[in-house]
Amino acid sequence: MIYLCAISNIRSGACKEDCKFCTQSVRWGADIKRFKEKSIETILNEAKLAKKNRAAGFCLVTSGRGLDEKTLEYVCRCARAVLKEVDIKIIACNGIAGKEELRELKKAGVSIYNHNLETSREYYPKICSTHSWDERFETCENVKSVGLRLCSGGIFGMGESEKDRNSLLNSLKQLNPDGIPINFFIENSKLPLNAMHNKKMALKIIKMFRENFNDAVIMLAGGRELVFGDDFTQGLKAGANSIVIGDYLTAKGERPDKDIEILQKEGFEIANEC
């Protein structure tokens, strides 16, 4: 059973953090669309399209350090608007968050919170200096403590070692997330990192995570096209059981109809809910 998920970038390119992997940071000056708030009407139309494309989850993503009061109100408003008209699981991805903010999201109908650890605790200072890995881990603990489902994974191919990948895996074991997004770093000429990944490495990572997380939804997320091209089902056969359909936050993705055609041709069943 394969779970499909769609992403809506509802606040873009307004982040003051210095994450070296992220085009949404204003520090790097990447050529992306930047806006404070996407209209509710546009978000609703995207959710309806995601549902039509058989997505079981719809993720509301905001750029920025964390879930402040204004962001919280906006995300809650978006979640309620979507759930009023579309039968789909709402995922929120809004950065560092405390328990009270997460409880408010839950009241608004959010089912899952996505907050990736990104990489190992040891390697994180090399890719970000404006907040700590420990803050990310604490947010993940907060998610579980308020009864939301946790989605947390990482980005691979940023120069981390195999030891770092094992460290990330062991940290995620402590959290036992429901979902684990596996992203492969997408290069941008403005970012101070180069992609260091290939198909062999990607398959090894997917197998490693499946061996250690029997029941988790393991998602092929950002950058899957770079390592697999149209052969992303190799990643599914290696242990992943979910993909992101459509565009990513600031990078183009594959057409959902093409992904669905490939899945059906290969005999994969698409889940109706997550």
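Brief remarks follow.
- Answer residue from region 233-274, given it is assigned to a loop (DSSP other than H, G, I, E, B) and among the hydroxyl-bearing types (Ser, Thr, Tyr) and is modelled with the highest pLDDT among those: TYR248
- Taking (1) crowded, with 19+ Cβ neighbours inside 10 Å; (2) touching an Asp or Glu at 6+ places or on another chain (Cβ under 8 Å) in turn, LEU175 satisfies each apart from (1).
- Of everything listed in (1) surrounded by 20 or more Cβ atoms within 10 Å (Cβ to Cβ); (2) over 27 Å from ALA50 (Cα atoms); (3) not acidic (Asp, Glu), the single unmet condition for ALA79 is (2).
- Of all residues in region 58-74 being under 19 Å from THR250 (Cα atoms) and not polar (S, T, N, Q), the one that is surrounded by the most Cβ atoms within 10 Å (Cβ to Cβ): LEU60
- Top-ranked residue in region 38-48 [being crowded, with 17+ Cβ neighbours inside 10 Å and not aliphatic (A, V, I, L, M); ranked as nearest to LYS89 (Cα to Cα)]: GLU46
- Residue check: THR130 meets all listed conditions (1) outside any loop (DSSP other than H, G, I, E, B); (2) β-branched (Val, Ile, Thr); (3) more than 27 Å from ILE260 (Cβ to Cβ) but one, namely (1).
- Scan of region 23-62 for residues that are within 30 Å of LYS126 (Cα to Cα) and free of Cβ contacts under 8 Å to residues at least 60 places away in the same chain, ordered by number: SER25, VAL26, ARG27, ARG34, PHE35, LYS36, CYS59, LEU60, THR62
- Matching option when the condition is surrounded by 15 or more Cβ atoms within 10 Å (Cβ to Cβ), at pLDDT 95 or above and in contact with a strand residue (DSSP E or B) (Cβ under 9 Å, 6 or more places away or on another chain), among LEU191, LEU220: LEU220
- Out of LYS163, LYS144, sole residue that is of a type in the set (Lys, Arg), within 22 Å of ALA202 (Cβ to Cβ) and in contact (Cβ under 8 Å) with a residue 24 or more places away in the chain: LYS163
The values are calculated or read from the model by the stated rules, or taken from the named source; none is laboratory data. Given the structure is predicted, the values throughout are model-derived calculations rather than measurements. As a convention, Cβ positions derive from the backbone with ideal geometry for all residues, glycine included, and neighbour counts pool all protein chains shown.
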